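Some notes on the structure that comes next.
The values are calculated or read from the model by the stated rules, or taken from the named source; none is laboratory data. Just so it is clear, the structure is predicted and the values come from calculations on it, not from any experiment. Neighbour counts run over all protein chains shown; Cβ positions are idealised from the backbone, glycine included. Ligands, DNA and RNA are stripped out before the accessible areas are found, and what is left, the full protein with its side chains, is counted by its heavy atoms. Shrake-Rupley method; radii C 1.70, N 1.55, O 1.52, S 1.80 Å.
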Amino acid sequence: MEKKSFYVTTPIYYPSAQLHIGHTLTTTMADTLARYKKMRGYDVYFLTGSDEHGQKIEKVAAEKGMKPIEYTDGIVKTFKNLWSKMHIDYDDFIRTTEKRHYDTVQALFQKIYDQGDIYKGEYEGYYCTSCESFFTQFQLAEGHCPDCGKAVDIVKEESYFFKMSKYGDRLLEYIESHPHFIQPESRRNEMISFIKMGLEDLSVSRTTFDWGIPITMDRGHIIYVWFDALTNYITALDYLDDGPLYEQFWKNNDEIVHLVGKDIIRFHTIIWPIILMAAGIKLPTTVFGHGWLLSGGGKMSKSVGNVVDPLVLIDKYGADSLRYFLLREMPSGSDYYYSEDALVSRINMDLANDYGNLLSRTISMIDKYFSGNIPLVKDGFDEDLVTLSQEVTNSYQKHMDKFELSLALQAVFKLVGKGNKLIEESAPWTLYKEGNMERLSVVLYQLVEIIRMSTIMLSPVLVETGEKVMTQLGVDKEYFTYDKLAFGSLDQSFKVAKGTPLFPRIEIEVEEKPKKAQKEEKKKDIKTKEKQNEDNLISIDDFAKCKFKVGKVLEAEKVEGTEKLMKLSVKVGTDEIRTVVAGIAQYYLPQDLIGKKVIVVYNLKPAKLRGIESHGMLLAAKGENDLKLLTVDGDLEEGAEVS
Ligand code: ME8
């Protein structure tokens, strides 16, 4: 049977600054999908790169006294270094400054001009004086500069225009008849509404700077950065010469996926498809727009100055842990507040306690009870385990195919959790004492199968760990392929080889405040309380300071090592998911909270509880012996304001 193909791309990043964990997230997603598809037997092509033209880069280079290309050469090296440390296994790294790209962009521009879809006119656009940048209406953030947030001026210059308006209806028809083109669903609806408002022709050339690709027939004009940048996706496949890569991965391919952040989804789902339509080229299958990593100050970005350096995290925690954290924590399509505590807690909980421990406990027991030889068993398996393993593999596959990587990982950890539970419930040490070697063999074989299957499913994410697990289990590589992802596939015995822990537990340092400071704080607290008691009526203005929103609980888990605390993921708007730590663990089971509508104190300052940053608080009423969460009377969407 002919192999299926899969083409996946990341945005090409601006080398105006070093990359941060936001960029790392997109690239890790793409790498993981590429590895997953390879494991499923696809021919895969994975592209990333750098978007090197434009006024901003020209300016940064000039400030450093360098030519733009000298400057970008240096930064691109740092991109490649980061990707190598993250084990990003791309097939090609495209730079928009390469000759192959100039040739492709100029040819594409000329083709569209020749057929009459590009014409010369006068551009009236928006200019931000402080950033010295031009913006289209698309790029403005609520009418202001998307970079610095300041007001923009309207300016005029001669420019070439692309007849986007002509293609609005065709694009709408395409989006409506291809439900998978824009993912996730919420972004699709946004884009549909945007197009329905009517598309304007797009200015696609500039005369105010030089650092870019000139129009062949009118060299005073530089091709607009987005026309230049978006074309990279076909340059790299050798569209210009209709080469074999273009043939296989674009023309005859049903899975062309652009992964982007939600900031650039419009460019990819409006400008890019219209360029392709105009040039008579087929459209990509899917543009998936993930949410943003946020930190103090909102979206993590160099201009806000709240970025987190991935290299520091790789050095501290390892690439596999960072890869896992980013993909596990980032909800499909929504935003996520980053904190290092959440990273540590995720590594400890899932990788050290659950997965790593399961391996080391299993190996120790095989060592002790069977002299290191994995007992080979063919029947007598626990039915619920066999069923669960099937459910988990189905769910994993379904979510991976929909790019819902966090949900896919959650599914795998259900199986890992079942393994640890099996140890507790079957108490192998007692079976051994009782001489029940038959059941003991079944239990240990089952544990090996759980580890083997989980390792296969985790291998696109934990790219260094798989090898270590294979070595410690001593099981041959051939049992770690996707076609062996069925419970009971291990049909040979192997000898385990105990090794070091896969993910040593990271100790969380709790900052102890000096005694004096604690005393001062207590005094202050008492004074504030006294003051409040004196004057315990509040005005309507005081009350109006509090913002409450309806939230929906998506995930819940007990905070490790505490009796009372529960960590929740609460959806408080179409695009916003928050981590909230609440003292409700003695009153609710995690599974009973999923899907519950709650009331969240929305504008509460974040606070750290057991090292986890909590963004908000849940309202609850406390009786003598019970506590009940406040909820809404009937169904109301998440994000609705409470007043
Ligand atoms: O936009 N959270 O490049 P760029 C999540 N050159 N992802 C983030 C993020 C955050 N806080 N910050 C950045 C460009 N990203 C253009 C692209 S493509 C033809 C041209 C990721 O360097 C996310 O994927 O500003 C976002 O779309 C991309 O980096 C923007 O990178």
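Given the alpha-carbon gyration tensor of the chain, what are the semi-axes of its equivalent ellipsoid in whole angstrom, ordered largest first, with each equal to the square root of 5 times an eigenvalue?
That gives 46, 35, 22 Å for the three semi-axes.
Among 228, 89, what's the order by accessible area (1.4 angstrom probe), most exposed first?
Final ranking, largest accessible area leading: 89, 228.
Label region 1-116 by shape, choosing from rounded, prolate and oblate, from the square roots a ≥ b ≥ c of the eigenvalues of the Cα gyration tensor; if a/c is under 1.5 it is rounded, and otherwise prolate applies when a/b is larger than b/c, oblate when it is not.
Oblate shape, in that a/c is at least 1.5 and b/c is the bigger or equal ratio.
If a/c stays under 1.5 just call it rounded; otherwise compare a/b with b/c (prolate if a/b is bigger, oblate if not). Do that for region 339-484, with a ≥ b ≥ c from the square roots of the Cα gyration tensor eigenvalues.
Prolate, because a/c is 1.5 or more and a/b exceeds b/c.
Residue 208 versus residue 557, label points 7 Å from Cα toward the beta carbon: distance in nm?
According to this spin-label approximation, the distance is 5.0 nm.
Kindly provide the Kirkwood hydrodynamic radius of region 139-243 in Å, to one decimal, from all pairs of distinct alpha carbon atoms. Don't skip to the answer; put the middle values down first.
Details: mean 1/r = 0.0603 Å⁻¹.
After inverting the mean inverse Cα-Cα distance, the result is 16.6 Å.
Any chance you could look up the accessible area of residue 479 with a 1.4 Å probe, heavy atoms only, rounded to 10 Å²?
10
At a probe size of 1.4 Å, how large is the accessible area of residue 431, to the nearest 10 Å²?
Residue 431 has an accessible surface of roughly 20 Å² with all protein chains in place.
Give the shape of region 111-190 as rounded, prolate or oblate, defined through the alpha-carbon gyration tensor: a ≥ b ≥ c are the square roots of its eigenvalues, a/c under 1.5 means rounded, and otherwise the shape is prolate if a/b is larger than b/c and oblate if not.
oblate
For the charge dipole of region 287-427, defined by +1 on Lys and Arg C-beta atoms and -1 on Asp and Glu C-beta atoms about the Cα centroid, which residue among 380, 393, 330 has the Cα displaced farthest towards the positive pole?
330
Which net charge results for the neighbourhood of residue 302, defined as the other residues with beta-carbon distances under 12 angstrom from its beta-carbon, given Lys and Arg at +1 and Asp and Glu at -1?
That sum, taken over residues with Cβ under 12 Å, equals 0.
Whole-Hz ³J(HN,Hα) for each residue in region 425-440, computed from phi via Karplus 6.51 cos²θ - 1.76 cosθ + 1.60 with θ = phi - 60°, x for glycine and proline: what do you get?
For region 425-440, the Karplus-derived couplings read 6, 8, 6, x, 4, 6, 4, 5, 4, 6, x, 7, 6, 5, 5, 4 Hz, x marking Gly and Pro.
If you roll a 1.4 Å probe over the heavy atoms of the protein chains, what accessible area per residue do you get for the chain, in Å²?
For the chain, the solvent-accessible area averages 46 Å² per residue.
In vacuum, with every alpha carbon of region 545-642 counted as one equal point scatterer, what does the Debye formula give for log10 I(q)/I(0) at q = 0.12, 0.16, 0.19 Å⁻¹? Two decimals, please.
For the requested q values the scattering log ratios are -0.34, -0.61, -0.87.
Could you sort out which of 80/414; 37/558; 3/414; 80/299 sit more than 26 Å apart by Cα distance in this structure?
Correct reply: 80/414; 37/558; 3/414.
For region 227-366, what is the Kirkwood estimate of the hydrodynamic radius, computed as the reciprocal of the mean inverse distance between distinct Cα atoms, to one decimal in Å?
Result for region 227-366, one decimal place: 18.4 Å.
Which one, 593, 90, 10, projects farthest toward the positive side of the charge dipole computed for the chain from Cβ point charges (K/R +1, D/E -1)?
Ranked along the dipole, the leading option is 593.
Which sequence of 101, 144 reflects their accessible areas, 1.4 Å probe, from the largest down?
In descending accessible area the options line up as 144, 101.
Along the charge dipole of region 545-642, pointing to its positive end and built from +1/-1 on Cβ of Lys, Arg, Asp and Glu, which listed residue (550, 618, 629) has its Cα farthest out?
618
Sort 226, 292 by accessible area with a 1.4 Å probe, largest first.
292, 226
Rounded to the nearest 10 Å², what accessible area does residue 93 show when all protein chains are kept and the probe is 1.4 Å?
Per-residue accessible area (residue 93): approximately 20 Å².
Any chance you could check the Cα centroid distance between region 175-223 and region 300-353 for me, in angstrom?
With region 175-223 and region 300-353 each reduced to a Cα centre, they are spaced 32 Å.
Counting only other residues whose beta carbon sits under 12 Å from that of residue 619, what net charge do I get with K and R as +1, D and E as -1? List each step's numbers first, then the result.
Values: positive: 549, 597, 622, 628; negative: none.
Within the 12 Å Cβ shell, the charges total +4.
Restricting to DSSP H runs of at least four residues, report the calculated mean residue ellipticity at 222 nm for the chain, -39500 (n - 2.57) per run over all residues, nearest 500 deg cm²/dmol. Please report the intermediate quantities before stating the final value.
Numbers: 21 runs with 249 residues, N = 643.
Computed mean residue ellipticity for the chain: -12000 deg cm²/dmol.
Would you mind counting up the charge near residue 487? Only other residues with Cβ under 13 Å from its Cβ, with Lys and Arg at +1 and Asp and Glu at -1.
Computed value for this residue: -3.
Label-point separation (nm) for residue 636 and residue 312, each offset 7 Å from Cα along Cα-to-Cβ?
4.1
Efficiency by 1/(1 + (r/R0)^6): what FRET value for residue 85 and residue 384, r their Cβ-Cβ distance, R0 = 56 Å, to the nearest 0.05?
Working: r = 41 Å, r/R0 = 0.74.
Efficiency, rounded to the nearest 0.05: 0.85.
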